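The values are calculated or read from the model by the stated rules, or taken from the named source; none is laboratory data. Worth saying up front: this structure is predicted, and the values here are computed from it rather than measured. For neighbour counting, all protein chains shown are included, and Cβ atoms are generated from backbone atoms with ideal geometry for every residue, glycine included. Heads up: the accessible areas ignore ligands, DNA and RNA and are worked out on the full protein's heavy atoms, side chains in. Shrake-Rupley method; radii C 1.70, N 1.55, O 1.52, S 1.80 Å.
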Amino acid sequence: MKHKAIFWTISLAARIAWAQADVPLPPDDASQKKIVADVVARALQYSKELPEFACEVVTRRNVDPTGSRQHWKIVETVHEELTFAGNKEDYKTLSSNGKKGGDSRPTAAVSSADFTNLVAWLFDPKNQTEMTWANWDSVRGHRVHAIGVKLKADRSPFTIGKGKNQMRAGLMGLVYADSDTGSILRIAVAATDIPAKYPTQSVALDLQYDFAKIGDHYFLLPFKAETQSKEGKVLTWNEVDFRDYRKPGAPAAAAPKDRQAER
């Protein structure tokens, strides 16, 4: 009932906004169910349509030890080359904090697999994710359906923590799907069902997709990601950019300077 009340409140607020702007009213119940079903069908095809590719991945890890969100400091910036082939990922570290090379991946990095996996986890019918059409919205100029999603922990493949302390967590948030094509352009979710005394108290993911050209065709691929987590008072905020998509083996473009990495 609590979640229904949340969505009802969102819907009421949206109706008031639509009355004041030239935005269509919500679809009727039958149309909402069809929209959700069409988005699910489109999502289940997503990973099957991905090509083999290479790209540059830039990860910036920010930490605020005060927990106030007012004292962020970049503590790690890593440039990597990602090759995706045979449904497998291979990462090569190009530089870490301005120094060439390196052997380890960025702490709590988000990879392209997180994008494909998250779609699969949320939309796999066996996981029984609850989905509700929430409202109209906009993502980078595209009118989108905002769909509320709730994946219970006992059916969720999503895990938080490390090593022996890893645990399965639920997910709850919104999926934004293009109103014309049904393609997912953004997923914003937070972990749920975390025990009160668990070291990691919160985890949130905001994943965005956009079309990138590989060869002669455009594909919907990772564009940007942000993850935020809290352990004790310490907040961690990771920003991940995916750049320079190309076929595996094709030469990389000249990398632009990352101004944030120079702070």
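Which of the following residues is at pLDDT 55 or above, part of a helix (DSSP H, G or I) and on the phi < 0 side of the Ramachandran plot: ALA17, ALA5, ALA41?
On inspection, the qualifying residue turns out to be ALA41.
Could you tell me whether segment 158-176 includes any residue that is at pLDDT 95 or above, among the small types (Gly, Ala, Ser) and under 16 Å from GLN208 (Cα atoms)?
Checked segment 158-176: at least one residue is at pLDDT 95 or above, among the small types (Gly, Ala, Ser) and under 16 Å from GLN208 (Cα atoms).
What is the number of the single condition among (1) open to solvent by 60 Å² or more (accessible area, probe 1.4 Å); (2) part of a strand (DSSP E or B); (3) out of contact with any Lys or Arg (no Cβ under 9 Å at 6 or more places or on another chain); (4) not aromatic (Phe, Trp, Tyr) that GLY249 does not meet?
(2)
From the list ASP193, ASP206, ASP178, ASP210, exactly one residue is charged (D, E, K, R) and on the phi > 0 side of the Ramachandran plot. Which is it?
Details: ASP206 fails: on the phi > 0 side of the Ramachandran plot; ASP178 fails: on the phi > 0 side of the Ramachandran plot; ASP210 fails: on the phi > 0 side of the Ramachandran plot.
Unique residue meeting the criteria: ASP193.
Can you tell me which of THR129, THR116 is within 22 Å of LEU185 (Cβ to Cβ) and modelled with pLDDT of 90 or more? Write out each step before concluding.
Details: THR116 fails: modelled with pLDDT of 90 or more.
Of THR129, THR116, the one residue that is within 22 Å of LEU185 (Cβ to Cβ) and modelled with pLDDT of 90 or more is THR129.
Can you name every one of the strands (runs of 3 or more DSSP E) wholly within segment 133-207 that holds 3 or more residues which are open to solvent by 50 Å² or more (accessible area, probe 1.4 Å)? Can you show your working first?
On the way: elements: 142-151, 170-178, 184-192.
Of the strands (runs of 3 or more DSSP E) lying wholly inside segment 133-207, those with at least 3 residues that are open to solvent by 50 Å² or more (accessible area, probe 1.4 Å) span 142-151.
Applying the selection to segment 195-233, what residues are under 18 Å from the mean Cα position of the chain (by Cα) and within 14 Å of ARG243 (Cα to Cα)?
GLN208, TYR209, ASP210, PHE211, ALA212, PHE219, LEU220, LEU221, PRO222, PHE223, LYS224, ALA225
Would you mention how many residues in segment 22-41 are exposed (fewer than 14 other Cβ atoms within 10 Å of the Cβ), within 21 Å of the chain's Cα centre (by Cα) and acidic (Asp, Glu)? Quick ask: steps written out before the conclusion?
Of all residues in segment 22-41, those exposed (fewer than 14 other Cβ atoms within 10 Å of the Cβ) come to 22, 24-25, 28-31, 34, 37, 41.
Remaining after also requiring within 21 Å of the chain's Cα centre (by Cα): 37, 41.
Filter once more, so that each one left must be acidic (Asp, Glu): none.
Counting residues in segment 22-41 that are exposed (fewer than 14 other Cβ atoms within 10 Å of the Cβ), within 21 Å of the chain's Cα centre (by Cα) and acidic (Asp, Glu) gives 0.
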